[in-house]
Each structure stands twice: as structure tokens, then as C-alpha cells.
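Step one of this worksheet: look at the structure below.
No value in this document is a laboratory result; all are computed from the given coordinates. Just so it is clear, the model here is predicted, and its values are computed rather than measured. Cβ coordinates were reconstructed from backbone atoms using ideal geometry, including for glycine residues, and neighbour counts include every protein chain displayed.
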Ligand code: SAJ
């Protein structure tokens, strides 16, 4: 059986390789010819734990190309960005993937949409395009939505071990999809209809966004009451039914900061969801306000941003709150230096540690990279003009930094305000 995976990004590539290592002949299709060449020469376009080994194992059963060809299964794993002005899903890539597939469709084929999409996309957008083949969906060929749940940094482990939801446009579509994923998924596979599966995926990320917004709001309130939110959360989470998330500089990444808009884009409801988005999107403003207050007596201040990845231990900067923090601070006349030993490309120059902290007035920890926890503050402090650190993630050993002469401020710790 031949499987074509359209879109070789963070989800499509590992998925293609997992199917290949399960024994299927897999063709990876991507419009980016550079990426296709790289893969065919045995090079990976991005890093992810376990991806090297998987690539090695799957190589004999996998090849990449820029053109769709006849297959038994077509799996769509293309990006679905949100249009930042209209806050709606931009489905151009899904549309064009379906357009590329339909001329090759034959009886018995299965088309699976993995990309995250607003409810009804599979039935109302994808199926009609595929039916331009003159075959009838659900009878001549089969269609399902099977959203991914893997978290960047643990993608491969989670793709194999997480439970998944399989939404078919009819029962046969769902059953066929379930059987296919069984080849590498060790978690449970739950069957439902396509629209419910689309909705489930979105509400998982919405649940997380709203909960993060809650603690981000509580962190600001805690500061007003001179309470340490981190202590308060730890104590509240001793309750058996309370699981408060962690406050921070805002929500980034390609999923949680976008998917809630897909839930509400066609609804007249959704005030709470939109408000949560607003709260998380404006956390960088709160961080900058805090930084400005600390730097108020310093002329021509320079700050060093520690971490521009959207979260710890990944090299991904999509929708990172760091960018908004940098832009807002720049607008206030603050000089910016950036240090992120995990990230390779960014809109601003990435400096080595020494250059990033030399003559700086303040370090702002934005990303919770593990590596920052073990940094020795002594030599860092010696290079700085002023020894101030703002920890928006509460990850540093604060006693150690204080001992090295740093003034330490932690987001949400009202006890030190
Ligand atoms: N964050 C906080 N506080 C927290 C947790 C996260 O501020 O308590 C921030 C992170 O720093 C980051 C953002 O939120 O900026 C999102 O990070 P994340 O680790 O929560 O999630 P993602 O975006 O990397 O991956 C999510 C996951 N969804 C859920 O946990 C419900 C993953 O399982 C999905 O597969 C992925 O979205 C996706 O592709 O949709």
C-alpha cells in the first residue's frame, strides 16, 4: 500500500516516517523543492528528539517529491495559519492539497485530513473538491479527519503513545483510518464523525489557552495583593480537582495561540474565548511595563532577552511572545540584545552569551529553556552594566542570582513588588 503525505512540516514529516517505519511505501510531498532535495539527500530540515533515528529507520520506505502521484492513501498535513486581521483560518493550503489530490483519486482510496481546521472543513470544503473526481465520497472513496495531538519537543513519542480521535465522513471512512493508524499508534483510537473530531481538536487547545489566560490574569492580581502567585498556585493545586496552569510572558506556538479563533470564527458566541486570547496576547505588554518600571532611573537602557523560542527546549519561534516584547521595548527606546542557544533563525541577531550580556542593564528570561537554569550568574553579572534579572517563567535559582549581586524580579511575585 502506498501512502502520500502532503506537507512535510513538524507534523507531516514525522507522521510520514512513522508510516514508513511501519512498513508502508511512503511518498512525502512538499512544494518546497529545497526541503525535498534535502530529505532525498538524507538531511532533515528541522530537529526534534528521535527524528534522526526514525529517519534512518524509515529511509528505505520513504522518498520526497514536489508532485502528487497516484496512491492508496492521501494524508494532508499542511499548515492552517490564522489571518491576523480577520482572525479566521486561512485554508489556502488545505484547498490546494485537495485540488492536487482529486485528479489522482481512484476507487477505494482514502483521504485523511490531519491539519487543524474549523468545524465543517472536511465535509464542506475538502469533500466537494475531492468529488470533482466524479467519485462519490464515502462510497467510491473514503475521507476522515484525524487531528494530531503531539507536543513539539516530544512529537514522536506522543504520536506513538497518545490516544487519538478519528472522525470519518461515514463509518467505513473512520474504520479504514483507524486500521491504518493502528500500524504505529499505541494509544487508543476513538471513532466519531469528522466535524466532531475537528471540534475536539480545537477545544483541547482552547481549554489550555483559557486556563493559561486565567493564571496570567491571576498573576497580575496577585501582584496587587502582594502575594506570590507561584506559591498560591502550588497550594491551590493541592486540591484534588484544581489544576492551575503556569503564568508566563504570553502564549506562542502555532496551535494554542491560533486554534481558539477557529472555534469562534463562525459563531456569535465565544466572548470568554476571545477575552482569553486577548489576555494572553497582551502579556508581553505587562512584561515590558514591569521592565520599564525597574529601569526607570537608567539612561539609554539595554536589555538582554533570554530565549525567543515560544517555549522551552524547542527551536521554534512561531508566534513567540518574545517578538512582541522586543518590539514594544524598542518602541520605548530600550536597546535589545538576544540570546537563545537553542534557536537558529530569528528576526533579530542571535548573539553568544558574552556579547548578549556585555554592558546590558537587565536580563529578561522569556523562554523556559532548561539550559538557563544551570547558567552561572557570577561571570554573567561581571559583564553587565547593571545586575537586574526579570524572570517571567520562574525558572532561575533566585537565591544563586541574588548571591551574585542581582536584583531579581519574578513575574507574579507580588511579595517583592
Ligand atoms: N504555556 C504557558 N503556561 C502553561 C503552559 C504553556 O504560558 O502552563 C505557554 C507556552 O510557553 C507556549 C504556549 O503556552 O508559549 C503553548 O505551549 P504548550 O506546551 O502548551 O503547547 P503547544 O502549542 O506546544 O502544543 C499544543 C498541545 N496541546 C495541548 O496541550 C492541549 C499539543 O498537544 C498539540 O498537539 C499542539 O498544541 C497542536 O499541534 O495543536
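Using only Cα atoms, tell me the angle between helix 283-294 and the longest principal axis of the chain; keep it within 0 to 90° and round to the nearest 10.
It is inclined by approximately 10 degrees.
Relative to the longest principal Cα axis of the chain, at what angle does helix 271-281 sit, 0 to 90 degrees, rounded to 10?
Roughly 60 degrees between the two axes.
Taking Rh as the Kirkwood radius computed over C-alpha pairs, what is the Stokes-Einstein D of the range 283-410 at 20 °C in a medium of viscosity 1.002 mPa s, expressed in µm² per second?
Numbers: Rh = 14.3 Å.
Value of D from the Cα-based Kirkwood radius: 150 µm²/s.
When only Cα pairs under 8 Å and 6 or more residues apart are kept, what is the percent relative contact order across the range 240-337? Display every interim value, and only then the final one.
Values: 100 pairs, mean separation 33.7, N = 98.
Relative contact order here is 34 percent.
Please work out whether the range 2-194 counts as rounded, prolate or oblate from its C-alpha gyration tensor, where a ≥ b ≥ c are the square roots of the eigenvalues and a/c under 1.5 means rounded, while otherwise a/b larger than b/c means prolate and anything else oblate?
On the way: a/c = 1.33, a/b = 1.28, b/c = 1.04.
Note, shape of the range 2-194 comes out rounded.
If you line up the Cα atoms of the chain on their principal axes, what length do they span on each, largest first, in Å?
Computed over the chain, the largest-to-smallest principal extents equal 72, 48, 39 Å.
Which order do 230, 261 fall in if you start with the one that has the fewest other Cβ atoms within 10 Å?
Working: 230 19, 261 23.
Lowest to highest Cβ neighbour count: 230, 261.
Which order results if 192, 317 are arranged by neighbouring Cβ count within 10 Å, fewest first? Spell out each step's value before the answer.
Working: 192 16, 317 22.
Lowest count first: 192, 317.
Where both residues lie in the chain, what percent of DSSP beta bridges are antiparallel, nearest 5?
Of the beta bridges lying entirely in the chain, close to 10 percent run antiparallel.
Ignoring everything except DSSP H segments at least 4 long, calculate the 222 nm mean residue ellipticity for the chain; use -39,500 (n - 2.57) per segment, divide by total residues, nearest 500. Walk me through the intermediate numbers first.
On the way: 17 runs with 159 residues, N = 417.
Using -39500 (n - 2.57) per qualifying helix, the result is -11000 deg cm²/dmol.
Taking only C-alpha pairs under 8 Å that are 6+ residues apart, what is the relative contact order of the chain in percent? All intermediate terms of the calculation are to be shown ahead of the outcome.
Values: 853 pairs, mean separation 47.3, N = 417.
Relative contact order, the chain: 11 percent.
Quick one: helix 171-181 against the long Cα principal axis of the chain, what's the angle to the nearest 10°, folded into 0 to 90?
60
Treat the count of other C-beta atoms within 10 Å as a stand-in for reagent exposure and order 281, 361 from fewest to most. Don't skip to the end; give the middle numbers.
Working: 281 16, 361 21.
The fewest-first ordering by Cβ neighbours comes to 281, 361.
Note down the relative contact order for the range 2-194 as a percent, whole number, built from C-alpha pairs under 8 angstrom at least six residues apart.
On the way: 400 pairs, mean separation 36.2, N = 193.
Computed value for the range 2-194: 19 percent relative contact order.
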